[in-house]
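> The structure that follows is given in the form of structure tokens.
The values are calculated or read from the model by the stated rules, or taken from the named source; none is laboratory data. Remember, it's a predicted structure, so these values are computed and weren't measured experimentally. Because the Cβ atoms are built from the backbone with ideal geometry, glycine has one as well, and the counts that use them run over all protein chains shown. All accessible areas refer to the heavy atoms of the entire protein, side chains included, with ligands and DNA or RNA removed. Shrake-Rupley method; radii C 1.70, N 1.55, O 1.52, S 1.80 Å.
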Amino acid sequence: MTTQAHMGADPTVQRVITARINGRDVTRAVDTRTTLADWLRDELDLVSVHLGCEHGVCGACTVLLDGQSVRACLLLAVQADGHDVETVESLSGDPNDLHPIQQAFHEEHGLQCGFCTPAMVLRTKEILEERRERTDEEVRQEISGILCRCTGYQNIVNAVQCAARKLYAGSPAPIASGTGTGGSTDPHPGA
Amino acid sequence: MTTDITPAAVDAAPDGQPKRKWIGRSMKRVEDPRLLTGRGGFIADQKIPGLLHAAIYRSPVPHGRIVSIDATAALAIPGVVAVVTGEDCKAKMNPCMNFGPTTIPQYPLAVDKVRYVGEAVVAVIAESRYLAEDGVDALKVEFEELPPVVDPMKALQEDAALLHEEHGSNLAYERTFTFGEVDDAFAQADLVVSDTLHWGRSAGMPLETTGAIARPGLNGVLEIFCNSMNFSYFVWLIATALNVPSNRVTISPVPAGGSFGSKFTAHKVPTLAGFLALQVNRPVSYIEDRFDHIMNSDHHASDRYYDAKLAVTSDGILLGLDIDVVDDYGAYLQFGVGTHGNALSQGVGPYRIKNLRYGLRAVLTNKCQQGAYRGFGSEVQNWVLERLIDQAAERLGMAPEEIRRKNFIQPDEFPYKIPGGNLYDSGDYPAVLDKALSMIDLEHWRKEQKRLREEEGRYIGIGLATTQERSVFSSTEFWYWFDEPAFPITSSPESATITVDPAGEFQVLLHSQAMWGNSPETVAAMVVAEEFGVDPSTVNIRYADSAHALPGTGPGGSRFTVMVTGAIRGAAKKLQKKIIEIAAHTLEVPPEDMEITDGRVQVKGAPELGQSLAEVALTAYFFALNLPPGMTSGLEEAYTYDHPLTTLPSPDRSDLGIFYPIMGHNCHIAVMEVDPETGMTTWLDYVAVHDAGTIVNPITLGGHVTGGTAQGVGTAQLEELVYDSDGQFKSSSFWEYLVPSATEVPPMKLGHVETPSPYTEFGIKGGGEGGRMATPAVISAAIDDALREYGMRVRNLPVRPADIVAAVQAARQEQKAD
């Protein structure tokens, strides 16, 4: 019995892909069966992409693909070919220089163990690029696709609202809905 | 009851307002920035040259003999390095560490028999995890199936198949303790309420699984990197299991992505990784995937069946409690029956119940073993007691707050010895209740409840619970069950080392764990800041590996903040003495005239006469001839803080001694709407007031309350590790095991009361287990209250929508029939 018969994918088959990873084009040969999450973690050292379940439920591996949150455990690396991928390092990978969203989570104690945190931060970026104003209840709905086992979510909701204030400080509110994909409505293009 | 125990820590006097600069202030965690940028340094993030990866073949059958394992195809896969089985374990290692009977041994890979679905049978080691899993898929394993033992009651029948033949029975342990005159109490009672209750099996279920990397290193030392907590407590036992001298195994702590008990003494994963590395003499990583963790971790939690009775007078005085509990422990007993020892630490809750009987039968079944989960078994006792009290209140026509208030141990009765022997150090339960009631308008909600029922046909329920959160365990709860315990351990210390380096910078070394989601570094920095008057952000925190670690016990039983603070303060006092002696010698003033303030050592009343800590440090490290006679170079002190108040159980076990005395308390009140047609519930209001003694950091304590409450919601309404009647496991992924999301957890109003402990440094009590101590009780009560006209009584957790609908439909059928 061969491995291939079991897996339905020949591990020796590789494809060369090019993806834009945190603003830089990366071209690599990848095993076709490698998930996007494993590729980001193991090949590109983007270990902020955490694997909590690998069934697409917990959301800890959430990354932004062309600005939209996706489960990196449910995508293959080859599916990122030609696309734009953002991990939390795109906001800031420097503990001494936090992005306003990261700063908001810090101030509001919106994290404990930190395992869901990069996903929550990215999801916050995505929804705040869409619009600023949300009720707490709406924030709960928006983050409900990512599980947090530590905080009970209350301080995450507070952190999202705090981040909204920080990002839109000085802007006339409410901000018109953006495309959700970054671009011209991106309030922090330099991040 | 009173006791003659005298408070030891005189400087933690609750009277007066001690002047503190940092303790009690909300401080942002120093742990956060690295986590926010994805640099948590979790076990799966570690990269080691030449690392191999293991994957596990798990038993597909609940009970069976291993007939054959054919690894030919697996070994033929390029990149597969080795296949390791229980036969290898049997030949080359000893059973895993075990606090249960020796007749129930456990190996990290099943030996001869499998005893639950998911039990590890074979490990495949390969160049990558993908290839290791290919290898697992290519294995051919044959089992001779044995009858599954699933129902714990049937497990006790004579014809039941035996899990462990050597043990001779599926009854792992049985004992009944009687404290006080229980029969008399029930004979005198005007009312006896009773119930049969089941607390379903759940688990801590952190988002990060348990994992370890083991590397055969220099000088024959096996290095294990692991996210298991409190490793320095038990590394010698892993060495024993691995047949390696204890000085040739080192565990290095790796931060954990949550634990909630699930990584407390998690030993199967580091033991297996160590064993695999020794087999191939190369570094091997074994990190559970979610299947591994849900099916085969160290730590499923309590799965208890109760017959419980409460004796009450007609005016609502609680006289006695009679508990008969069968606990479905699964296939092994990692912690013995310590989770019931824990329940006895607060067996009568915050109430003046003077008589307690507690009968336990611990049963073996074909399920994963139990371990620790936030509450360690005492949260279950809280739920049972509160269920009975709610029933008594209903029968007597009393409000839930009224019956509780009437039975509270009063503030002037502390220290208070409960039936069984444990001591409650301090508390003010009426104040906590009052605070909670002040944060919610119960009168309004009770009116609304009536109005909405009458005018809109809606069902609103109000639940209230007042429960204990014992903190700071000693170790006797694990063995006082036995008349002749094999290892009657009494230590549960914590240590800290404080160094002032030659430049005057502070470094703290912690000794039993790494970061696990709480704030050990923030706490350590705050205490150092308090003691030396330095800015906490300048203090650096490190974690010792087991080769360097002083005695420690790690984060369990809401002990860590209390204990590490004791350790740091102890080390600080030694260090302060040395600093003052050096400065006094240099400045030629008597040491008793000097004090340390704002990072300087100076003459009292003459602050201009003094030295900075950096000046003292330079002398300490580089100018030995300037030191006081007899003093040696350097500026580092360590301190090991033992449990502040613990006593031995009496030989006849009529008194279990003091083993969990630092007693926190809480009151939760929930208002919920229940839809009887769908069984769905909606939150309308939620208040949680906790008393964890002197608060160190309000913002993080609040996080324990909200986080623990979310887990209580899970336990009460969503989470269950289900084995069907054939012993098949039905909850092996997050599709079936429902961890609460943001929309299922209520927004909460938090309040705090501070009753300092007279026995701990600063008067701190533990608060880590937080909301989970109370939430299942308030949810159960609120659902009952909402559907009172249907005679709803929550007896089984989790209570799912379907259970609610079934109860309502059954009640309607009955009402129709009448």
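> Only one of (1) open to solvent by 10 Å² or more (accessible area, probe 1.4 Å); (2) in a loop (DSSP other than H, G, I, E, B); (3) at the interface with another protein chain (Cβ under 10 Å from one of its Cβ atoms) fails for residue B:746. Which number is that?
(1)
> Follow-up. Going by what's in this entry, would residue B:464 be described as of a type in the set (A, V, I, L, M) and surrounded by fewer than 24 Cβ atoms within 10 Å (Cβ to Cβ)?
So residue B:464 fails the test.
> Which ones in the range A:87-106 are in contact with an Asp or Glu (Cβ under 9 Å, 6 or more places away or on another chain) and not aromatic (Phe, Trp, Tyr)?
Correct list: A:95, A:98, A:102, A:106.
> Looking only at the range B:65-95, count how many residues are loosely packed, with under 14 Cβ neighbours inside 10 Å and within 13 Å of residue B:133 (Cα to Cα).
1
> Condition first: over 19 Å from residue B:332 (Cβ atoms), hydrophobic (A, V, I, L, M, F, W, C) and in a helix (DSSP H, G or I). Now tell me which residues in the range B:274-290 satisfy that.
Once the filter is applied, which keeps residues that are over 19 Å from residue B:332 (Cβ atoms), hydrophobic (A, V, I, L, M, F, W, C) and in a helix (DSSP H, G or I), the range B:274-290 yields B:276, B:277, B:278, B:280.
> Cβ-Cβ under 6 Å, sequence separation 6+ or interchain: first residue in the range B:71-100 and of a type in the set (Lys, Arg), partner surrounded by fewer than 21 Cβ atoms within 10 Å (Cβ to Cβ). Which pairs?
Pairs found: B:90/B:111.
> Now for a separate question. Being buried (at least 23 other Cβ atoms within 10 Å of the Cβ), at pLDDT 95 or above, β-branched (Val, Ile, Thr) and closer than 20 Å to residue B:298 by Cα is the requirement here; does residue B:150 meet it?
Answer is no for this residue.
> Same structure again: Which residues, taken from the range B:407-461, are of a type in the set (Ser, Thr, Tyr) and loosely packed, with under 14 Cβ neighbours inside 10 Å?
Within the range B:407-461, B:438 is the sole residue that qualifies.
> Okay, next question. Please find, among B:685, B:691, B:655, B:675, the residue that is under 21 Å from residue B:377 (Cβ atoms), charged (D, E, K, R) and at pLDDT 95 or above.
B:655
> Scan the range B:187-208 and give yes if some residue there is within 14 Å of chain A (Cβ to nearest Cβ) and in a strand (DSSP E or B), otherwise no.
Yes, because at least one residue in the range B:187-208 is within 14 Å of chain A (Cβ to nearest Cβ) and in a strand (DSSP E or B).
> Another one. If a residue has to be surrounded by fewer than 24 Cβ atoms within 10 Å (Cβ to Cβ) and at the interface with another protein chain (Cβ under 7 Å from one of its Cβ atoms) to count, how many in the range A:115-137 make the cut?
The qualifying residues number 1.
> Ok, one more. How many of the residues making up the range B:718-743 are touching a Lys or Arg at 6+ places or on another chain (Cβ under 7 Å) and either buried (at least 24 other Cβ atoms within 10 Å of the Cβ) or within 13 Å of chain A (Cβ to nearest Cβ) (or both)?
Residues that pass the stated criteria total 7.
> Could you please find all residues in the range B:210-228 being open to solvent by less than 10 Å² (accessible area, probe 1.4 Å) and assigned to a loop (DSSP other than H, G, I, E, B)?
B:210, B:227, B:228
> Within the range B:359-387, which residues are over 24 Å from residue B:150 (Cα atoms) and surrounded by fewer than 24 Cβ atoms within 10 Å (Cβ to Cβ)?
Scanning the range B:359-387 gives no hits.
> How many residues are open to solvent by less than 10 Å² (accessible area, probe 1.4 Å), in a loop (DSSP other than H, G, I, E, B) and within 12 Å of another protein chain (Cβ to nearest Cβ) if we restrict to the range A:60-74?
2
> Take the range A:22-59 and flag every residue that is among the acidic types (Asp, Glu), within 16 Å of the chain's Cα centre (by Cα) and surrounded by 17 or more Cβ atoms within 10 Å (Cβ to Cβ).
Passing the criteria: A:38, A:54.
> For the range B:788-798, state whether one or more residues are under 24 Å from residue A:147 (Cβ atoms) and within 14 Å of chain A (Cβ to nearest Cβ).
For the range B:788-798, residues under 24 Å from residue A:147 (Cβ atoms) and within 14 Å of chain A (Cβ to nearest Cβ): absent.
> Of all the strands (runs of 3 or more DSSP E) wholly in the range B:601-713, which have at least 2 residues that are in contact with a strand residue (DSSP E or B) (Cβ under 6 Å, 6 or more places away or on another chain) and open to solvent by 10 Å² or more (accessible area, probe 1.4 Å)?
Correct list: B:606-612, B:636-641, B:681-691.
> Taking the criterion of being in the same structural domain as residue B:692 (by TED's automatic domain parsing), open to solvent by less than 30 Å² (accessible area, probe 1.4 Å), touching a helix residue (DSSP H, G or I) at 6+ places or on another chain (Cβ under 7 Å) and over 25 Å from residue B:373 (Cβ atoms), would at least one residue in the range B:795-805 satisfy it?
Among the residues of the range B:795-805, not one is in the same structural domain as residue B:692 (by TED's automatic domain parsing), open to solvent by less than 30 Å² (accessible area, probe 1.4 Å), touching a helix residue (DSSP H, G or I) at 6+ places or on another chain (Cβ under 7 Å) and over 25 Å from residue B:373 (Cβ atoms), which makes the answer no.
> Which one of these does residue A:93 not meet: (1) surrounded by fewer than 22 Cβ atoms within 10 Å (Cβ to Cβ); (2) under 28 Å from residue B:736 (Cα atoms); (3) facing chain B (nearest Cβ under 7 Å)?
Failing condition for residue A:93: (2).
> Under 8 Å by Cβ, and 6 or more places apart or on different chains, what pairs join a residue from the range B:22-48 that is more than 8 Å from every other protein chain (Cβ to nearest Cβ) and within 24 Å of residue B:210 (Cα to Cα) with one that is surrounded by 20 or more Cβ atoms within 10 Å (Cβ to Cβ) and of a type in the set (Phe, Trp, Tyr)?
Listed pairs, sorted by first residue: B:43/B:225; B:46/B:225.
> Let me ask another. For the range B:467-503, which residues satisfy the criterion of being assigned to a strand (DSSP E or B) and surrounded by fewer than 22 Cβ atoms within 10 Å (Cβ to Cβ)?
Answer for the range B:467-503, where residues must be assigned to a strand (DSSP E or B) and surrounded by fewer than 22 Cβ atoms within 10 Å (Cβ to Cβ): just B:499.
> I would also like to ask the following. Taking the options A:19, A:5, name whichever one is open to solvent by 30 Å² or more (accessible area, probe 1.4 Å), farther than 27 Å from residue B:258 by Cα and either at pLDDT 95 or above or not in a loop (DSSP other than H, G, I, E, B) (or both).
A:5
> Specify the residue that is farthest from the other protein chains (Cβ to nearest Cβ); the eligible residues are those in the range A:96-114 that are touching a residue at least 24 places away in the same chain (Cβ under 8 Å) and under 20 Å from residue A:68 (Cα atoms).
Looking at residues that are touching a residue at least 24 places away in the same chain (Cβ under 8 Å) and under 20 Å from residue A:68 (Cα atoms), I get A:100.
> Checking residue A:162 against (1) surrounded by fewer than 24 Cβ atoms within 10 Å (Cβ to Cβ); (2) within 15 Å of the chain's Cα centre (by Cα), which test does it fail?
Checking residue A:162 against (1) surrounded by fewer than 24 Cβ atoms within 10 Å (Cβ to Cβ); (2) within 15 Å of the chain's Cα centre (by Cα), the one that fails is (2).
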